[in-house]
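I have placed the structure first, in the form of C-alpha cells, so that the comments after it can refer back to it.
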Amino acid sequence: MDQDPTTVATPLALATPTTERAVRRALADHGRLTVDAMDVASIADLYALGLTSHATVNVMLAVEDALDVEFPDAALHRSTFATIESIAAAAGAAS
C-alpha cells in the first residue's frame, strides 16, 4: 500500500519550533550567510548562501549549547549542515 506523500512527516515537521529557532539563531549569529537566516527557506542550500566549513563548526557549537545536545560523530557531515531542515533533524535526533 502506497502512502500519500502529503501526509508523510518530514524531519523539520518533527522538529520543535524551539529547535528550528535555535538553528536559525545560530546561523544568524555564526553562519555568515549573505541573507537573513530568519528568512531562509528550511530547504535552502546554506552553502550556496555563504556558509563555510569554518562557520559550520561555530553553528554546530551554538546549536549544541542552545539545545543542550551533542551531535554524534556519525552526523558530522557536510550534508547534515546543508539546510535548516537537516540541522534541525540532526539536533532533534541528538536529544
With an 8 Å Cα cut-off and a minimum separation of 6 or more residues, compute the relative contact order for the range 32-95 in percent.
38
For the pair ASP39/LEU61, report the inter-label distance in nm, with labels modelled 7 Å from Cα in the Cβ direction.
2.9
Residues of the range 59-73 with backbone nitrogen within less than 11 Å of a virtual label 7 Å along the Cα-to-Cβ line of SER95, please, listed as ranges.
67-69
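A short reminder: the numbers here are calculations on the coordinates, not readings from a lab. No experiment lies behind these values; they were computed from the predicted model shown. Neighbour counts are summed over all protein chains in view; Cβ atoms, including those assigned to glycine, are modelled from backbone coordinates with ideal geometry.
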